[in-house]
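The values are calculated or read from the model by the stated rules, or taken from the named source; none is laboratory data. Just so you know, these numbers come straight off a predicted model, no measurement behind them. Heavy atoms of the whole protein, side chains included, go into the accessibility calculation; ligands, DNA and RNA do not. Shrake-Rupley method; radii C 1.70, N 1.55, O 1.52, S 1.80 Å.
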Amino acid sequence: LALLQHILKVCLDIGQINTTRRSAGLPFLVLSLTHCCSSRGDELSQVLGLLISPLLACAGQKSYASDESDSNTKSSVIHAFNIIRNLVRDSRISNEMGPHMALIAKLCLDSFNSSYWDIRNASSMLLSSLISRIFGPKHINDLSSDSHNVDLREIEVKFDGLLEVFILFLRIDS
């Protein structure tokens, strides 16, 4: 857990790790450490709570300011998006990610206002992963039409506040 927090500090707060389009394996390292913490007895929801808050803070606070010229800041934002995307995509922790999905969706939609293409791209990839997690097949290799039926009540229960975020942004755009 200490190693996980140190990695977040280095790549988000200090911005010492330069970016690549998908953060060069950093999201997989964070995901691996998350699973290690969970398997050794730490409560997964607590580990995710420690991760999600700084990731959302980093990405949301800096993602659409146009006057930032610091590449470390932009790298940190892209790392945050890529790490969150990996957490959303992982099927073993998807049930624990439910409470965070509304904030993640809001972050993605807000970040489309960024003046940086790479931040908009990272946001778009995260939103795509989020939508796939919510509306995609419930089982791997199950492409039957029954597995794609999603009940809005089920979404509201599993992902509290998510529908309100989408409705808000649809109203703004329309």
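Below is a table of values for the structure above.
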quantity: From phi via Karplus (6.51, -1.76, 1.60), per-residue ³J(HN,Hα) for segment 51-57 in Hz, x at Gly/Pro; calculated: 7, 5, 4, x, 5, 5, 5
quantity: Rounded, prolate or oblate (a/c below 1.5 giving rounded, otherwise prolate when a/b exceeds b/c) for segment 71-114 by Cα gyration tensor; calculated: oblate
quantity: Rounded to the nearest 10 Å², the accessible area of Leu103 at probe 1.4 Å; calculated: 100
quantity: Vicinal HN-Hα couplings computed from phi for segment 100-117 (Karplus, 6.51 cos²θ - 1.76 cosθ + 1.60; Hz; Gly/Pro x); calculated: 9, 5, 5, 5, 5, 4, 4, 4, 4, 5, 5, 6, 5, 8, 5, 7, 9, 4
